[in-house]
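> The structure under discussion is supplied below as structure tokens; questions concerning it will follow.
The values are calculated or read from the model by the stated rules, or taken from the named source; none is laboratory data. No experiment lies behind these values; they were computed from the predicted model shown. Counting neighbours? That spans all protein chains shown, and the Cβs are built from the backbone with ideal geometry, glycine included.
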Amino acid sequence: MTITETAILSAYFAVLIVLAVYGLHRYQLMYLYHKYRDRVPLPAGRFEQLPLVTVQLPIYNEMYVVTRLIDAVCRLDYPRERLEIQVLDDSTDETQQIAHAAVERYRAQGYDIHYLHRTDRLGFKAGALDYGMRRARGEFLAIFDADFIPAPEILRRTIDFFTDAGVGMVQVRWGHINRDFSILTQVQSMFLDGHFVLEHGARNRSGRFFNFNGTAGVWRRSCIIDAGGWQHDTLTEDLDLSYRAQLEGWRFVFLPQIVSPAELPVEMNAFKTQQHRWAKGSIQTGRKLIPKLLRSSLPWTVKLEALFHLTNNVAYLLMIALSLLMFPAMAIRVKMGWSKTLFIDLPIFLLASASFSTFYFFAQREIYRDWMQRLKYIPFLMSLGMGLSVNNAKAVLEALLGLDTEFRRTPKYRIESNRDQWKDKRYRGQIDPLVLIELALGVYFTVTLYYAIVSGLYFSIPFIILFQVGFLYTAMLSLLQQGHRWRFERQQAASRA
């Protein structure tokens, strides 16, 4: 082999090995989940008198869903005299009028509900939550984003966990209002189920750190203050505050049996915006807090899990590297004799990929009785994970390089069934020019697939197809949905002319 060929193969195997390490981590989470699955959290006692709770509803340009949210919160089964509601509206459109009208309607019925509007959006969501907390009367703060529909009993089922003075936050599991809308929403629901059931379940019950997810949770006010309050130097203020609070010694509780339904993004560009924000914010939080974490006196098991948690999105950079190296590595090994590296290559590749599908398979089995019917989406889930690698690798690079970007919200359209439409709604996700790179990678893997077929490398074909479909699906859906938007907007403009 030439020096160049040796370098390519070395880089290829190095990337595979690191991805395999992250794959082993997923197996570790599954092991921890099953080991501690019977360690069900129970409240230490019961409040003789229910404490005052402030429900905070941070919104920004949510004209389609804000009324639904306010209606749901005003149906909470909690003594009205012990409940304060804050609508934290940073909107710049008619959401202001819609939200204000809903607040006034419920105030007239005797609800302690307040409309708080900022004009500067300093700190975005973190700034809005801090603004509301400074004016809140509650000892505890429940937070729900605009796309959620909290169940009436959610406060009564969570509040008693705070009878333990060491508990700083209680998080419930997200549900999915529109899971059956499309393949995209089906796959998103599987991603989230794995995150909540296995990741949160394993971390929380084994004594590791886990995080508040920005919504569908209740905080002890003194915990937020003790941890340094809401800060907006990362895009994931929830993850940042969660780690700071746990580093201060506060304990969190995750309750998977309590579900708060939410609306999944139905538009690929909106979904990619959400994923970009989460990926970038997690790396920003890692840069900010990992040094303090490593200096702490926490057990090494907690530190190691936290490192995996905060750096997990680096795997997207490795996925891009793997994508670019796969074809040349394949060609080199064909020339030198495929069997010479097969016994190394195949086990590592399977470890890196099989853990991904197994992880989400077990999550579905834990939640749903009809989990067998959901297994057909596993290949799509793997493909979409690969297809997102360009979008999320960009987010990771921005965070590592310290590049600041604006907080971009995920548009919500009140899509609750297959009959609902989003194309005629005002908000939309923003298409990124990197969609052309996704499209190019889709073509690249089409060529790689042809080469594998003519070279007789049949065992590689399923893996190549996953990459090919992932990049093409992500790119084409982004372009097609953006095209639908542009056509609709031109028709609207023509009708007004």
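> Has the stretch 299-309 got any residue that is under 23 Å from the mean Cα position of the chain (by Cα), under 27 Å from Thr185 (Cβ atoms) and modelled with pLDDT under 95?
No, that holds for no residue.
> Also: Can you list residue pairs whose Cβ atoms sit under 7 Å apart, with the first residue in the stretch 360-380 being in contact (Cβ under 8 Å) with a residue 12 or more places away in the chain and the second being of a type in the set (Asp, Glu) and in a helix (DSSP H, G or I)? Count only pairs 6 or more apart in sequence or on different chains.
Ala363/Asp193; Gln364/Asp193; Ile367/Asp193
> Return the residue satisfying two criteria in turn: it lies in the stretch 162-183 and is within 15 Å of Glu416 (Cβ to Cβ) and among the hydrophobic types (A, V, I, L, M, F, W, C), and of such residues it is surrounded by the fewest Cβ atoms within 10 Å (Cβ to Cβ).
Looking at the filtered set, the residue picked out is Ile177.
> On the basis of being surrounded by fewer than 16 Cβ atoms within 10 Å (Cβ to Cβ) and at pLDDT below 95, does Arg365 make the cut?
For Arg365, the condition - surrounded by fewer than 16 Cβ atoms within 10 Å (Cβ to Cβ) and at pLDDT below 95 - is met.
> Does Leu255 satisfy being in the same structural domain as Arg408 (by TED's automatic domain parsing) and in contact (Cβ under 8 Å) with a residue 40 or more places away in the chain?
no
> Scan the stretch 428-453 residue by residue and report those that are at pLDDT below 80 and either crowded, with 16+ Cβ neighbours inside 10 Å or under 18 Å from Pro328 (Cβ atoms) (or both).
Arg428, Gly429
> Something else: Where in the stretch 198-315 are the helices (runs of 4 or more DSSP H), entirely inside, with at least 1 residues that are under 22 Å from Ala126 (Cβ atoms) and in contact with a strand residue (DSSP E or B) (Cβ under 6 Å, 6 or more places away or on another chain)?
Hits in the stretch 198-315: 221-226, 237-247.
> Taking the stretch 247-283, which residues are of a type in the set (S, T, N, Q) and crowded, with 24+ Cβ neighbours inside 10 Å?
If the condition is that a residue be of a type in the set (S, T, N, Q) and crowded, with 24+ Cβ neighbours inside 10 Å, then Ser282 is the only one that fits.
> Considering only the stretch 224-237, state which residues are surrounded by fewer than 24 Cβ atoms within 10 Å (Cβ to Cβ) and not polar (S, T, N, Q).
Result: Ile224, Ile225, Asp226, Ala227, Gly228, Gly229, Trp230, His232, Asp233.
> Search the stretch 93-122 for residues that are on the phi > 0 side of the Ramachandran plot and pair each with any residue that is of a type in the set (D, E, K, R) and assigned to a helix (DSSP H, G or I) when their beta-carbon atoms are under 9 Å apart and the residues are at least 6 apart or on different chains.
Gly110/Arg80
Let's see how each residue does on (1) β-branched (Val, Ile, Thr); (2) at pLDDT 95 or above; (3) touching a strand residue (DSSP E or B) at 6+ places or on another chain (Cβ under 6 Å):
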{"site": "Gly23", "(1), (2), (3)": "no, no, no"}
{"site": "Lys35", "(1), (2), (3)": "no, yes, no"}
{"site": "Asp38", "(1), (2), (3)": "no, no, no"}
{"site": "Val53", "(1), (2), (3)": "yes, yes, yes"}
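> While we're on this one: Can you tell which of Thr410, Thr405 is part of a loop (DSSP other than H, G, I, E, B), touching a His at 6+ places or on another chain (Cβ under 9 Å), of a type in the set (Ser, Thr, Tyr) and under 23 Å from Lys125 (Cβ atoms)?
Among Thr410, Thr405, only Thr405 is part of a loop (DSSP other than H, G, I, E, B), touching a His at 6+ places or on another chain (Cβ under 9 Å), of a type in the set (Ser, Thr, Tyr) and under 23 Å from Lys125 (Cβ atoms).
> Considering only the stretch 487-495, I want to know if a residue exists there that is in a helix (DSSP H, G or I), of a type in the set (Lys, Arg), at pLDDT below 90 and over 30 Å from the mean Cα position of the chain (by Cα).
Yes, that holds for at least one residue.
> Okay, moving on. Looking for something at positive phi and surrounded by 21 or more Cβ atoms within 10 Å (Cβ to Cβ) - is there at least one such residue anywhere in the stretch 306-313?
No, the stretch 306-313 contains no residue that is at positive phi and surrounded by 21 or more Cβ atoms within 10 Å (Cβ to Cβ).
> Still on this structure, please answer the following. Of the residues that make up the stretch 201-220, is at least one charged (D, E, K, R), over 22 Å from Asp160 (Cα atoms) and surrounded by fewer than 22 Cβ atoms within 10 Å (Cβ to Cβ)?
No: the stretch 201-220 contains no residue that is charged (D, E, K, R), over 22 Å from Asp160 (Cα atoms) and surrounded by fewer than 22 Cβ atoms within 10 Å (Cβ to Cβ).
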